[in-house]
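Have a look at the structure below before the remarks.
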Amino acid sequence: MDKIFERLNDSQAAAVKQTEGPVLILAGAGSGKTTTIVSRLAYLIEEIGIPASNTLTLTFTNKAAKEMKERSLAMIENISYPPLLCTFHKFGLLFLKFNIHLLGRENNFVVIDTDDKKRIIKKINTEIATPLIASEISRYKNSLMSPDDAYKQAELFNYKQIAEVYREYEKYLLENNLVDFDDLLALTYKLLDENQELAQKTSQRYQYIMIDEYQDTNELQLKLIQKLCTTHNNICVVGDDDQSIYGWRGAHIRNIMEFDDDFRGAKVFKLEENYRSKSPILKVANTLIEHNRSRLGKKLIATRGDGDDVVVLNSNDENEEARKIALKINKLLDEGVSAKEIAILYRVNVLSRSIEEGLNRAGISYKLVGGLRFYDRAEIKDLISYIRVITNFHDDFSFKRVVNKPKRGLGKASVDKIELAAHTAGKSIFEYIRSVDQGELEGLVRKKNAATLKQFIEDIQDVATLAQESTYEFIDLLEERFHLKDIYKGMQDEQDRVLNMDEFYALFRDFIKNNPEATLDEFLNELTLQSDQDQVEGESIYMMSIHASKGLEFEHLFIIGLEEGFLPLIGDGSDLEEERRLGYVAFTRAKDTLTLCHAASRFYKGRRSDLEKSRFFNEAGLCKGSLKVEKNTNFKKGDLVRHKIFGTGRVNGVSKSGREFKLSINFGGNKKEILASFVEKL
């Protein structure tokens, strides 16, 4: 008993001892959430006498599951069978191995990964962007929609096509005894929902259930948890409504906000003592998050005492910002701070480029977590490949990369045929297509594709000619002629990719402005030098998005891009309360010092833009000024909504209308613009 409680504060101990009935543990950032979970599990097994096999603890990452398993086993003695502590999807996998035969399927199924999924989709359809189809199929499965359901609710022709692909995809999985990642939960729920006896048996087996990071659960996960509680209500969830930042990928903050509605009679425990951050850091985090209305309410209390004030770093532009941060980091390193205890966070990936270059110039080694270096991103490589083809028609490698971007109806087999014919003729692919007549080309590809290829060659030549006349205007013609942003239309990360492309265009214009006589070749050479970062041995500082930083902590933290439009991100489908939660998550990663950075201007969407300081400075009490009070919306493009007169519809767009948000909604072909407060999300 002493072993379990010796490190717990009063709130943690009370939560651990409440073993019966629904329990919600609101665990603030750095408040010892994991300690509480593993102590509660140990208490159930070691002190109450619950068999380990009757407990189930679910989390979201293998790393978290591994850590919790190791820590809980260290606290439990004389155990013959370890408790089941795993991710949601691992639980689904184990469950299906034992029960998938009830669906008439063999239990020697194979789980496919994302790449396998995309390859299967590509075999079925090459007209619509594969990532869009993949994400829609995932959405259908998490909404428990069959291909028939998806087809019936599709209003646009493209989505009817996607529903047909979904039907073929499901048929392929079934014929080949495959399941995808989403099936692990969707099929598990289906089995429990259709077999009452199985649901009761499973629920009786797992008499005590704990869920970690409950604010990140989606609708399907909630339904699955409710099935697991068929015969009891011993459900304990741990989470933080203030750290719900995954709405864009389906997480429902309502699951934690309305826990008492889903599981009646819930007891709530708040863990507010923070063991991570110094007092000034928690003060700004608490002050910021208090502006959110959709929250259960708690306040972090510092246990590590006072420390340095939060620093606000103002710069004229992103280059000055990068220099200032590099100087501060070098000073910390000179003082003996370990590089791995320093991190730079940003809301959108596009901001990493200027910081990467600044750190390179200062000779500071860094690691990008959960992302690629700016020049290694697919959309940037595509742009560079286009420029390479325009400067060197005979660059086959680059030509093959861009010949079907955006889609021109050319599959790999067609490109391979043309490449073989070109090599046989002793020519580059470009030169071969240009030199042969269209009839000869039609012997290798379809007539329509042959005409498209001829036009593509003509367009490249036109743009190359203009590049020699005016290098500065070349970049506008490139986008205008080839519509490169269309490559990423409909993808989940379309906005991020387009921002990266705009950043690249701006970088190009800036280079030409500073080097008026420069050629495209010289620009490419400059890029090559910037891309080849010297590999510095030893420790590195970390750079990552705020989303990627969740669950991590650093002694010294810099957050860049605290400007309106970046943090908070404002635009189609953005949710101000979720943006504020992102700010809160970012602030609470810092242990000793926190530096918040603002630039008066940045290259943005292809030009230099003056930027307004983020409202979060004001809301966090770091500067004076009038508060921006405006309604926010939880609605985003693609959401299903219900209106009391027009019925069910799908949101096609979100825009500001004074202090309200206006939704463009398609009610089964009847398109309306409705204020957000007059509809409810389904």
Neighbours of ILE124 by Cβ distance under 12 Å: Lys/Arg at +1, Asp/Glu at -1, summed charge +3
For the chain, the dipole about the Cα centre with charges only on Cβ (Lys and Arg +1, Asp and Glu -1), to the nearest 20 debye, works out at 1640
Distribution output for region 1-157: share of Cα-Cα pairs per 5 Å bin in percent, first bin at 0, values 1, 7, 12, 14, 15, 11, 9, 10, 8, 7, 3, 2, 0
Rounded to the angstrom and largest first, Cα extents along the principal axes for region 75-127 equal 59, 28, 14
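Per the Cauchy relation, a quarter of the hull surface: what is the mean projected area of the convex hull of the alpha carbons in region 92-180, in nm²? Before the final figure, lay out the partial values.
Numbers: hull surface 23.0 nm².
It is 5.7 nm².
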The Cα extents of the chain along the principal axes, largest first and rounded to whole Å, are 82, 64, 56
Plugging the Cβ-Cβ distance of GLU680 and ASP610 into 1/(1 + (r/R0)^6) at R0 = 60 Å yields, to the nearest 0.05, a FRET efficiency of 0.95
Using the Cα gyration tensor of region 180-219, the equivalent ellipsoid's semi-axes, largest first and to the nearest Å, work out to 19, 17, 8
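Relative to the compact globular guide of 2.2 N^0.38 Å, what is the alpha carbon radius of gyration of region 49-95, as a ratio? Can you show the working numbers first?
Numbers: Rg = 10.8 Å, N = 47, 2.2 N^0.38 = 9.5 Å.
Against the compact-globule rule of thumb, the ratio is 1.13.
Once the convex hull of the C-alpha atoms of region 197-262 is built, how many Å³ does it hold per residue, rounded to a whole number?
Spelled out: Cα convex hull of region 197-262, divided by residues, is 76 Å³.
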Diffusion coefficient in µm²/s returned for region 294-377 by Stokes-Einstein, Kirkwood Rh over C-alpha pairs, 10 °C and 1.306 mPa s, is 104
In the chain the accessible area split gives carbon plus sulfur, as whole percent at 1.4 Å, a share of 48
Net charge (Lys, Arg +1; Asp, Glu -1) of residues whose beta-carbon lies under 9 Å from that of SER11, SER11 excluded, is -2
Binned at 10 Å from zero, the C-alpha pair distances of region 1-57 give percents of 23, 58, 19, 0
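Using the Cβ atoms and a cut-off under 12 Å, what net charge is assigned to the surroundings of GLN468, where Lys and Arg are +1 and Asp and Glu are -1? Please report the intermediate quantities before stating the final value.
Working: positive: none; negative: ASP462, GLU469, GLU473, ASP521.
Counting the neighbours of GLN468, the net charge comes to -4.
Over 29 Å between Cα atoms: which of LYS298/LYS681; LYS367/LYS681; LYS412/LYS550 fall into that group?
Values: LYS298/LYS681 27 Å; LYS367/LYS681 40 Å; LYS412/LYS550 40 Å.
Over 29 Å Cα-Cα: LYS367/LYS681; LYS412/LYS550.
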For region 334-430, using Cα atoms only, the Rg and Dmax in Å read 19.8, 64
Between the Cα axis of helix 447-469 and the main Cα principal axis of the chain, the angle (0 to 90°, nearest 10) is 80
The ratio Rg/Rh over the Cα atoms of region 141-300, Rh being the Kirkwood inverse mean 1/r radius, stands at 1.07
Note: probe point = Cα of ARG249 + 7 Å toward Cβ; backbone nitrogen < 20 Å; residues of region 83-99 passing the test are 86-93
Along principal axes, largest first, the alpha-carbon spread of region 218-347 in whole Å comes out as 60, 33, 29
Once the dipole of the chain is set up from charges on Cβ (+1 Lys and Arg, -1 Asp and Glu), the residue from the list THR519, ASN392, SER655 lying farthest towards its positive end is SER655
Of the listed links LYS331/LYS513; LYS407/LYS427; LYS118/LYS513; LYS122/LYS447; LYS447/LYS489, those spanning more than 32 angstrom between alpha carbons are LYS331/LYS513; LYS118/LYS513
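Just how large is the dipole of region 407-449 about the Cα centre, in debye to the nearest 20, putting +1 at every Lys and Arg Cβ and -1 at every Asp and Glu Cβ? Please list the in-between numbers first.
Details: 9 positive and 6 negative charges, 64 e Å.
Charge dipole of region 407-449: 300 debye, to the nearest 20.
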Output for region 280-380: trypsin sites (Lys or Arg not before Pro) sitting in coil per DSSP, at most 11 other Cβ within 10 Å, listed by number, reads ARG293
Ranking TYR169, THR188, TYR159 by how far each Cα lies towards the positive end of the charge dipole of region 109-197 (+1 on Lys and Arg Cβ, -1 on Asp and Glu Cβ), the top one is TYR159
Cross-link reach from LYS90 to lysines, straight Cα distance under 19 Å and at least 8 residues apart if same chain, gives LYS63, LYS66, LYS69, LYS117, LYS141, LYS190, LYS223, LYS227
Placing +1 on each Lys and Arg Cβ and -1 on each Asp and Glu Cβ in region 4-56, then taking the dipole about the Cα centre, the residue among ILE25, THR55, ILE4 whose Cα reaches farthest towards the positive end is ILE25
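The values are calculated or read from the model by the stated rules, or taken from the named source; none is laboratory data. Here the structure is a predicted model, which is why all the values come from computation and not from measurement. No Cβ is skipped: glycine too gets one built from the backbone with ideal geometry, and neighbour counts run over all protein chains shown. Surface accessibility is based on the protein's heavy atoms, side chains included, excluding ligands, DNA and RNA. Shrake-Rupley method; radii C 1.70, N 1.55, O 1.52, S 1.80 Å.
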